[in-house]
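Worksheet: the structure to be examined is printed underneath.
The values are calculated or read from the model by the stated rules, or taken from the named source; none is laboratory data. These figures come from a predicted structure and were not determined experimentally. Quick reminder, even Gly has a Cβ in these numbers, built from the backbone with ideal geometry, and neighbours come from all protein chains shown.
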Amino acid sequence: MKDAIYHALLQKKRTRRKSFALLIDPDKVDEARTDTLVELAVKARVDYLFVGGSLVVTDQLDQVVKQIKDRCKIPIILFPGTPSQVSPFADALLYLSLISGRNADLLIGQHVVSAAAVRKSGLEIMSTGYILIDGGAPTTVSYITHSLPVPADKNEIALCTAMAGEMLGMKLIYMDAGSGARKPIATEMIERVASGIEIPLIVGGGIQDPEKVYLNARAGADLIVVGNAVEKNASLLAEMVSALHSVSVQER
Ligand code: 1GP
């Protein structure tokens, strides 16, 4: 079915089921580590694998994606930091526009440059309004993109940015404090944004424990993304996913 992953996300939102994505940065894994992470993800019942990073410096994206595909059926969604991070072996791609920034290149410029290649990839394309929130320290994303994040306590700015993205026709909103953020996005901000939009809301950046996963999902996040915390302590993954799925059960 066309746009199968997006339709599944919409259906989950309608039935108040939450999803968990493990972020794999192709720069930070070798073959053995990828195998370990995939095995853990399958056991923990992770819903999606996000693959990407704000600065992928190695050229092993295709190889990592193919390896994951060989080992499991979890849908692989590319989360590209640069236009070159497109692999036809994945299932879908977050077509990100940095709507919290005012850098035209990240709003539309790089999309124009990569449009033909993205279309040719045959991937399911999900246009995503990407909103960077201040996570307490400059992140690679804000440095690379020359863009100011939304201040951590400015809930209205985050909300209006998300609403604008939705009205511009974006299919998803991704609020991110950036990988390894010191402070994850506050629950109040998630609540405010989730209550003002109808499209699925992705939340990530600096989430360290199952409790924060739970609180974010309760606040209205539809899909929670975690990378760093699991890289440091893989045993957290199963607890995080079950904390998240417990919200789905409560809300039904
Ligand atoms: C980063 O939202 C993702 O873009 C995940 O962040 O690595 O801090 O979990 P962490």
Q) Do we have residue 165 as touching an Asp or Glu at 6+ places or on another chain (Cβ under 7 Å) and at pLDDT 95 or above here? A) no
Q: Among what's in region 93-119 and is without any contact (Cβ under 8 Å) to a residue 60 or more places away in the chain and among the hydroxyl-bearing types (Ser, Thr, Tyr), pick the residue that is surrounded by the fewest Cβ atoms within 10 Å (Cβ to Cβ).
A: 114
Q | Qualifying residues in region 148-161 (those that are more than 16 Å from the ligand (Cβ to nearest atom) and aliphatic (A, V, I, L, M)) - the one farthest from residue 50 (Cα to Cα) | A | 157
**Q.** Restricting region 14-39 to residues that are free of Cβ contacts under 8 Å to residues at least 40 places away in the same chain and in a loop (DSSP other than H, G, I, E, B), the residue that is nearest to the ligand (Cβ to nearest atom)
**A.** 29
**Q.** Residue among 152, 164, 90 that alone is surrounded by fewer than 21 Cβ atoms within 10 Å (Cβ to Cβ), in contact (Cβ under 8 Å) with a residue 12 or more places away in the chain and within 24 Å of residue 5 (Cα to Cα)
**A.** 164
Q: Determine which member of the set 133, 68 is at pLDDT 95 or above and more than 16 Å from the ligand (Cβ to nearest atom).
A: 68
Q.
Condition first: among the small types (Gly, Ala, Ser) and out of contact with any Leu (no Cβ under 7 Å at 6 or more places or on another chain). Now tell me which residues in region 208-252 satisfy that.
A. 219, 235, 238, 242, 243, 246, 248
Q: Could you please let me know if residue 128 is within 27 Å of residue 47 (Cβ to Cβ), β-branched (Val, Ile, Thr) and modelled with pLDDT of 95 or more?
A: yes
Q.
For a quick check of your reading of the model, give me the residue pairs whose first member lies in region 210-234 and is closer than 19 Å to residue 75 by Cα, whose second is of a type in the set (S, T, N, Q) and more than 9 Å from the ligand (Cβ to nearest atom), with beta-carbon atoms closer than 7 Å and at least 6 apart or on different chains.
A. 222/19; 223/19; 224/216
Q: Mind listing whichever residues of region 175-201 are near the ligand (Cβ under 8 Å from one of its atoms) and in contact with a strand residue (DSSP E or B) (Cβ under 6 Å, 6 or more places away or on another chain)?
A: 176, 177
Q) Among 92, 104, which is away from the ligand (no atom under 16 Å from the Cβ), modelled with pLDDT of 95 or more and among the small types (Gly, Ala, Ser)? A) 92
